[in-house]
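The values are calculated or read from the model by the stated rules, or taken from the named source; none is laboratory data. What you are looking at is a predicted structure, and each value in this text was computed from that prediction instead of being measured. Here Cβ is always computed from backbone atoms with ideal geometry, including for glycine, and neighbour counts include all displayed protein chains. All accessible areas refer to the heavy atoms of the entire protein, side chains included, with ligands and DNA or RNA removed. Shrake-Rupley method; radii C 1.70, N 1.55, O 1.52, S 1.80 Å.
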Amino acid sequence: MNSLILISLLFFCACGQQNVEENKNYGLESIDNIALKIDETTPNFSMGLQYFADGDQEWVFNINWNTNSLQMYELPHGNLVKTMVFEKEGDQGIGGLMGFHIHTLDSIFLFTQHGDSFVLVDTAGSIKERFRYEVPKNHTNAFVHNVSYVTPPIIRGKEIFFKTRPAVVSNYLEMTDELLSTSSLGFKLDMGSLELDLLPHRYPKGYLENGLRRFENSRAQGKSKVVYSFFGDHNLYWADDFDTPLKAVDGRSEFLNERLPLLPKEGVPIESQKYSFASSRYDNLIYDPFKDVFYRFAFPDLEVESEEEVRALRSNPGPFVVMVFDGDLNILGETYFEGGKYLPMNAFVGQKGLYLSTNNPDNSDNQEDLMGFEVFSFASFLEAF
């Protein structure tokens, strides 16, 4: 009798908590596996991926720095259907390919690491237009990277919105909170007139109040929100659009240190490397337009001692967390992934869900001639009731 009462109480307590914790009972579950069949010139670690769908057709684009090319793979079979190789110099030269953005199949934007220009091409690899602009004062040129702190450009008609970074100091360690909080997070460029305007969204005041932090950030555009995630801040920052003020919302991970660490000002280089690669921090923020959710990648503290261990984290980052927020930035849940199987830097969103690379060098299933991915969708733990 007592056992039945106890079971009943536990059941009702669990159901009673369902309303209290209803936003934190979702996790990612594996639903599928796919592989891209790469050639001998293509490493199985990508420096940039993007999913694109047109009706029933699905593709994944991969950037290949080795051959200065963009590859197009079809899904679900993963066959390579097209390779666009670009000259670095000459009339048809674009420079060294750094990043890309697929707007449509006839509008593909290509970016280089340095310079004040970018190129528009189509899937035939033909250059349609070149754009050159004046880099904004005290800021960098457009920063487009498809792996690290991803911030895809946003195209609205003739306007394109870019991420930029502060260039007001020559040494990272010289940055102050006052200088950072007056720096813009992006700029808008009119592709017709080439007129440029810095966006009113700035780094949060107080970010460096208690000491130095890396101020890398990732931005994602949702259905009704522009959202920013910073390396050393639990909060997410959002606005209705680029011309409205930013607001903060708590986005902390339960797996990260409550007091996020500070960047060492002085000391041996390994301490700075530990801070960047082995301490609690936030990384990419990715929007899923098919499910109207945001994925925030985070890394918990990791015990490392030697320089060799720290260096290894650059390509094999160890355990990580994927947080899921709904379109209004309510946290639905977070999933912890052990190290040694996935490469969180190689992730993209498709109609099925979140694709995570399985080409971790410690993964026994890792194959050199395949770029493998496990597909995850978020599911309610409450379905057990």
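Going 7 Å from the Cα of N330 in the Cα-to-Cβ direction, what parts of the stretch 282-312 have a backbone nitrogen less than 16 Å from that spot? 292-294, by backbone N distance to the label point. In this calculation the C-beta distance from E89 to S30 is compared with R0 = 56 Å, giving a FRET efficiency of 0.80.
Given 25 °C and 0.890 mPa s, how large is the Stokes-Einstein diffusion coefficient of the stretch 338-382 in µm²/s, with Rh as the Kirkwood radius over Cα pairs?
Numbers: Rh = 11.3 Å.
Estimated via Stokes-Einstein, D reaches 217 µm²/s.
Heavy-atom surface analysis with a 1.4 Å probe gives the chain a carbon and sulfur content of 48 percent of its accessible area.
Please identify every one of the chymotrypsin sites (Phe, Trp or Tyr not before Pro) in the stretch 253-297 that sits in a loop by DSSP and has no more than 16 other beta carbons within 10 Å of its own beta carbon. Display every interim value, and only then the final one.
Values: sites: F255, Y275, F277, Y282, Y287, F290, F294, Y295, F297; in loops: F255, F290.
The qualifying sites are F290.
Taking 0.36 nm per residue of separation and subtracting the current Cα-Cα distance, fully stretching the chain between T140 and E308 would add 57.3 nm.
Applying 1/(1 + (r/R0)^6) with R0 = 35 Å to the Cβ-Cβ distance of S170 and D240, what FRET efficiency is obtained, to the nearest 0.05? It comes out at approximately 0.45. Compared with the dominant Cα axis of the chain, that is its longest principal axis, helix 269-278 is turned about 60°. Each of the peptides 256-265, 327-336 was scored by the mean count of other Cβ atoms within 10 Å over its residues; in descending order, highest first, they stand as 327-336, 256-265.
Helix 2-20 and the long axis of the chain differ in direction by around 30°, with both axes built from C-alpha atoms.
Checking the table K137/K223; K88/K163; K163/K205; K225/K291; K158/K205; K188/K352 against a 21 Å threshold on Cα-Cα, which pairs fail? Show your work: numbers first, answer last.
Details: K137/K223 31 Å; K88/K163 24 Å; K163/K205 19 Å; K225/K291 15 Å; K158/K205 32 Å; K188/K352 32 Å.
Over 21 Å apart, Cα to Cα: K137/K223; K88/K163; K158/K205; K188/K352.
Accessible surface computed residue by residue for the chain, with neighbouring protein chains in place and a 1.4 Å probe, gives 48 Å² per residue.
Modelled label positions at N316 and D362, each set 7 Å beyond Cα in the direction of Cβ, lie 0.6 nm from each other. A crude spin-label estimate for the pair S148 and F290, with each label 7 Å from Cα along the Cβ direction, gives 2.9 nm.
Stretching the chain fully between E159 and D39 yields a gain of 39.5 nm (0.36 nm per residue, less the alpha carbon separation). For the stretch 184-202, the residues whose amide N sits under 18 Å from a probe point set 7 Å from the Cα of R132 along the beta carbon direction are 190-196. Within the stretch 51-189, the proportion of C-alpha pairs whose separation exceeds 22 Å stands at 44%.
Hey, can you rank 310-316, 222-228 by average C-beta count inside 10 Å, highest first?
On the way: 310-316: 15.3, 222-228: 18.0.
The peptides rank, most packed first, as 222-228, 310-316.
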